[in-house]
Structures are given as structure tokens and as C-alpha cells.
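Each reported figure results from applying straightforward, stated rules to the coordinates on display, with no laboratory input. This structure is a prediction, so every number in the text was calculated from the model and none was measured. Reconstructed Cβ throughout: ideal geometry from the backbone, glycine too, with neighbour counts over all protein chains shown.
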Amino acid sequence: MLGWAVTFLIIALIAAALGFGGIAGASVGIAKILFFVFIVLFVVAMIARAVRGRPPV
């Protein structure tokens with residue numbers, strides 16, 4: 001999922017450089033959403049792993 005966020009960020013940077021403001025704004029919005037979803041899922045996975053008694057890697 002982090003890879004998708006980076007992909008949309010790159011698309012946004014290229015679109016902004018070429019002057020496509022609407023596409024760049026939409027891509028940045030999608031990248032932000034995916035990044036925060038990734039962070040939340042990562043934290044939940046770490047908490048679940050700690051609760052089960054396995055040390056985080």
C-alpha cells in the first residue's frame with residue numbers, strides 16, 4: 001500500500017510539472033489517504049503482534 005502512495009505522489013509531481021493542476025491535486029489527495037491508511041494498518045499490526053506476545057521485528 002505504501003508503494004501505491006508513492007506511485008500517486010510521483011504521478012502528482014509529474015502532472016504538476018506539466019501543468020495539469022487538477023490531476024496533480026487529485027493524485028496528491030489519493031496519496032495522502034493511502035499513506036494514512038498504511039500508517040494506521042501498520043500501527044494496528046504492531047499492536048496486535050505485541051499483544052500476542054511476539055516481540056516486534
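Just order 37-43, 25-31 by mean Cβ neighbour count inside 10 Å, highest at the front, would you?
The packing order, highest mean first, is 25-31, 37-43.
Using a Gaussian network model of the chain whose springs link C-alpha atoms within less than 10 Å, name the residue from ALA12, ALA24, ALA45 with the highest mean-square fluctuation.
Looking only at ALA12, ALA24, ALA45, the largest GNM fluctuation is found for ALA45.
Run the helix sum for the chain: -39,500 (n - 2.57) per DSSP H stretch of 4+ residues, divided by residue count, reported at 222 nm to the nearest 500 deg cm²/dmol.
-29500 deg cm²/dmol
Within the chain, list the trypsin sites (Lys or Arg not before Pro) lying in a DSSP loop whose Cβ has at most 14 other Cβ atoms in a 10 Å radius.
The qualifying sites are ARG52.
Per residue and in cubic angstrom, what volume does the convex hull of the Cα atoms of segment 2-51 have?
42 Å³
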